[in-house]
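The values are calculated or read from the model by the stated rules, or taken from the named source; none is laboratory data. Being a predicted model, the structure only gives us computed values, none of them experimental. Don't worry about glycine lacking a Cβ; one is built from the backbone with ideal geometry, like all the others, and counts go over all protein chains shown. Accessible surface areas use protein heavy atoms only, side chains included; no ligands, DNA or RNA. Shrake-Rupley method; radii C 1.70, N 1.55, O 1.52, S 1.80 Å.
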Amino acid sequence: MSGCREIAAEAGRIFELIADPARQPSWDGNDNLSEAPAGQRVRAEGAVFTMTLTTGGVRDNHVVEFEEGRRIAWMPSDHGHEPAGHLWRWELEPVGDGRTRVTHTYDWSRLTDEKRLVRARSTTEAQLRASMDRLAELAERG
């Protein structure tokens with residue numbers, strides 16, 4: 001599932017909020033991210049960043065797509081394990097006048113972990129929209 005919206009900010013500004021895991025809890029529309037250690041700014045495919053969830057669990061996020069300022073995607077896993085098969089992707093396209101079209105995708109079509117399928121199925125476009133709206137609020141404030 002995907003959602004799309006325009007944000008009145010440059011793609012670079014928006015990308016910084018996404019690519020720095022320490023900033024992600026401030027815009028997470030799923031309200032399940034608690035914190036991430038500073039200094040994990042993603043700079044390449046193959047990177048792994050760690051997040052602590054509001055439940056106290058720790059997730060490793062394996063970056064599987066990366067184009068600076070334009071696209072980033074990661075696959076979460078339990079700490080120290082391989083990804084379970086779901087993917088979060090952000091794509092940014094400058095549209096002129098300091099505006100950016102942002103597409104946020106959650107793809108759980110390859111998820112095989114039965115205990116995660118219930119949560120994956122309950123993830124809605126409204127949650128994707130909430131993340132984009134919160135991201136827009138932060139990016140547009142500067």
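Mind listing whichever residues of the range 1-50 are open to solvent by 30 Å² or more (accessible area, probe 1.4 Å), small (G, A, S) and in contact with a strand residue (DSSP E or B) (Cβ under 7 Å, 6 or more places away or on another chain)?
Hits for the range 1-50 are S2, A8, S34, A44, G46, A47.
Can you say whether A126 is part of a helix (DSSP H, G or I) and surrounded by 12 or more Cβ atoms within 10 Å (Cβ to Cβ), as far as the supplied structure shows? Quick ask: steps written out before the conclusion?
On the way: part of a helix (DSSP H, G or I): yes; surrounded by 12 or more Cβ atoms within 10 Å (Cβ to Cβ): no.
Against the criterion (part of a helix (DSSP H, G or I) and surrounded by 12 or more Cβ atoms within 10 Å (Cβ to Cβ)), A126 does not qualify.
Could you say which residue among V42, V58 is within 15 Å of W90 (Cβ to Cβ) and of a type in the set (A, V, I, L, M, F, W, C)?
Just one listed residue meets the conditions, V42.
Kindly provide the set of residues from the range 51-72 that are open to solvent by less than 60 Å² (accessible area, probe 1.4 Å), touching a strand residue (DSSP E or B) at 6+ places or on another chain (Cβ under 6 Å) and touching a residue at least 24 places away in the same chain (Cβ under 8 Å), ordered by number.
Once the filter is applied, which keeps residues that are open to solvent by less than 60 Å² (accessible area, probe 1.4 Å), touching a strand residue (DSSP E or B) at 6+ places or on another chain (Cβ under 6 Å) and touching a residue at least 24 places away in the same chain (Cβ under 8 Å), the range 51-72 yields M51, N61, E65, F66, I72.
I'm trying to understand the selection: among the residues of the range 25-50, which are assigned to a strand (DSSP E or B) and free of Cβ contacts under 8 Å to residues at least 24 places away in the same chain? So that I can check it myself, show each step before the final result.
So the first thing to find is which residues in the range 25-50 are assigned to a strand (DSSP E or B), and the list is 33-35, 48-50.
Of everything in the range 25-50, those that are assigned to a strand (DSSP E or B) and free of Cβ contacts under 8 Å to residues at least 24 places away in the same chain turn out to be L33, S34, E35, V48.
So which of W74, W90 is in contact with a helix residue (DSSP H, G or I) (Cβ under 6 Å, 6 or more places away or on another chain), within 18 Å of T123 (Cα to Cα) and either modelled with pLDDT of 95 or more or assigned to a helix (DSSP H, G or I) (or both)?
Result: W90 is the single residue among W74, W90 that is in contact with a helix residue (DSSP H, G or I) (Cβ under 6 Å, 6 or more places away or on another chain), within 18 Å of T123 (Cα to Cα) and either modelled with pLDDT of 95 or more or assigned to a helix (DSSP H, G or I) (or both).
Return the residues of the range 93-120 that are assigned to a strand (DSSP E or B), farther than 18 Å from E137 by Cα and open to solvent by less than 20 Å² (accessible area, probe 1.4 Å); say none if nothing qualifies.
T105, Y106 - these are the residues of the range 93-120 that are assigned to a strand (DSSP E or B), farther than 18 Å from E137 by Cα and open to solvent by less than 20 Å² (accessible area, probe 1.4 Å).
Per-residue answers, yes or no, for (1) farther than 14 Å from E10 by Cα; (2) touching a Phe, Trp or Tyr at 6+ places or on another chain (Cβ under 9 Å):
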| position | (1), (2) |
| --- | --- |
| D78 | yes, no |
| R89 | yes, yes |
| R99 | no, no |
| H104 | yes, yes |
| W108 | yes, no |
| L111 | yes, no |
| V118 | yes, no |
| T123 | yes, yes |
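For the range 1-24, which positions are over 14 Å from the mean Cα position of the chain (by Cα) and touching a residue at least 60 places away in the same chain (Cβ under 8 Å)?
R5, E6, I7, A8, A9, E10, A11, R13
Could you please let me know if L53 is more than 22 Å from G3 (Cα to Cα) and in contact with a Lys or Arg (Cβ under 7 Å, 6 or more places away or on another chain)?
Yes, satisfied.
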